[in-house]
Each structure stands twice: as C-alpha cells, then as structure tokens.
Amino acid sequence: MTTMRERAADQAYGHLRRDIVSGVLTAGMRLGEAELANRYGFSRTPIRESLRRLEAEGLVEILPRRGARVVDWSSVDVEAIYEIRALVEGYAARRAATRIATAEIERLSRLCDEMEDLTGQRRPGDAELVRRVAELNMDLHGSVATHAGQHQVSAMRNIIVVMPLLLRELNTFTASDLARSNMHHRELLAAFEARDPDWAAALMNSHIQAAKARLLQDFMSRKNSH
C-alpha cells in the first residue's frame, strides 16, 4: 500500500519533471530544496527524493556541496541523445506505418498545416511562436511513438525527448532548416499513407540526424565565439 510519504514524493517528482521538461525550469537553473518546497507546497524530504530520481533520468545534476541544478547539455550529450532518438523513433515510425489509422494521419496533416503557417510567420525573438511549433512537433512525434503499438517505445521516447532541448534545436533553425523539417513531416505522412515501413523509418532517421547536425553546428559556433 502506498504511504503518504510515497504519494508526496511521486507528486513532487511529477511537478518538478513537468516543469523541467516544459522549460519552465531552464537549463542550468539552480534547484534549491527550500525554494522548491515552498514553490510546490511540499516538505524538503519529497523534494530531495524527487531530485535524486530526476538525476537518475539525466534531467538534474546534483553537485557536492553546491546543490542541484537543471542539466545543461554538452555537444557529447546532444550527439548521444539524438543517436538514441534516431534509433527509437525510426523503429517507432517503422511500426506505425502499418498501424496508424487514416483519421490520425489526417489529424497530423492538419497539424503540419499549422506548423507551416507558424514557421512562415516566424520573427527573431518570437519565443511564444517557437514554443507553439515545439508543442506541435512533440504532438506529431508523440503520435508516431504511440501508434508503434508498444508502450515501451513511448516510455523511452518520453525520457530522451525533453522540451528545453527541442526549443534550443528550433531556435537554431534557419528558414531553410524549418522548411526542410516541415518537408520531412509531410514525407513521413506520405510514407504512412503508402503503408511503407522502410520509407517511414528512413525518413524519421534522416529527420532526426539533420536536426542533430544543425544543433551540433550551433554548439561549435558558440564554442568558437568564446
């Protein structure tokens, strides 16, 4: 039977993870136990347990005598995350190609319409527009994982795909990068309509590898500018 302490720890973990994944708690932000306890209305014990769980997931870094902070990613981290994404989401696309319903393909097509409209309106510094595009992107990729028909696929994707890194990816994209990404989404839906697993898997792999290359290029540019 679940104890009150375990329920509190689970609830605190849920709040913290949601705010890290959504970008409310940003990369590099210090996570003081007292401040978090006050913010979420828990004692420090469930907060401490939540931070340990999030450290195990790679979302939080706990530093000796310095406390915890939201993880910021290095180029090595990005390369590993995107390689794993390519494997997991490529597999998901392969399975989804023969399982996803026509009605869902049509919904995703409307979602692509909205993404294309938004990216056409993009202006430098428009954080809300980028966040909305990221939400639509998460919806599309999440649907592919769900329609793979194996809950392990969605669970793995939910661990490795986090909103702060996706926002950073989209903020590095040029107009041509966004156009390429939108084209990949359209081609993926065409592969689903054709019920072609090989085509769908290859497209998803190319899509994620292209995003990885762009993000690593941004990391290198930042490094060289310092």
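Bear in mind that the values in this text are calculations on the coordinates, not laboratory data. The structure presented is a predicted model; accordingly, all values stated were derived computationally and were not measured. Because the Cβ atoms are built from the backbone with ideal geometry, glycine has one as well, and the counts that use them run over all protein chains shown.
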* Asked: How high is the FRET efficiency between R186 and E79 when r is their beta carbon distance and R₀ equals 35 Å, given to the nearest 0.05?
  -> 0.85
* Asked: Over the stretch 1-146, what relative contact order in percent results from Cα pairs under 8 Å that are six or more residues apart?
  -> 19 percent
* To do: Grab the Cα-Cα distance for A101 and E35, subtract it from 0.36 nm times how many residues apart they are, and report the gain in nm with one decimal.
  => 19.2 nm
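Compute the Kirkwood hydrodynamic radius of the stretch 1-105, taking the inverse of the mean of 1/r over all pairs of distinct Cα atoms, and give it in Å to one decimal. Write out the running numbers ahead of the final one.
Values: mean 1/r = 0.0630 Å⁻¹.
Taking the inverse mean of 1/r over all distinct Cα pairs, the stretch 1-105 comes out at 15.9 Å.
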* **Extended-chain gain in nm, criterion 0.36 nm per residue less alpha-carbon gap, V24 and R52** => 8.2 nm
* Dividing the alpha-carbon radius of gyration of the chain by 2.2 N^0.38 Å (N being the number of residues), what value is obtained? -> 1.10
* Asked: Given the options Q209, Q11, Q121, which has the most mean-square fluctuation in a GNM of the chain, springs set between C-alpha atoms less than 10 angstrom apart?
  -> Q121
* Asked: Within the stretch 73-96, whose backbone N sits under 16 Å from a point 7 Å along Cα→Cβ of M220?
  -> 75-80
* Tilt relative to the chain, helix 127-146 - C-alpha long axis, 0 to 90 degrees, to 10 -> 80 degrees
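Report the FRET efficiency, 1/(1 + (r/R0)^6), for Q150 and R5, where r is their Cβ-Cβ distance and R0 is 45 Å, rounded to 0.05.
Numbers: r = 33 Å, r/R0 = 0.74.
Calculated transfer efficiency: 0.85.
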* Euclidean distance of C-alpha centroids, the stretch 138-164 and the stretch 86-112, integer Å -> 11 Å
* Structure fact -> Residue-normalised 222 nm signal for the chain, counting each DSSP H run of n ≥ 4 as -39,500 (n - 2.57), nearest 500 deg cm²/dmol, is -25000 deg cm²/dmol
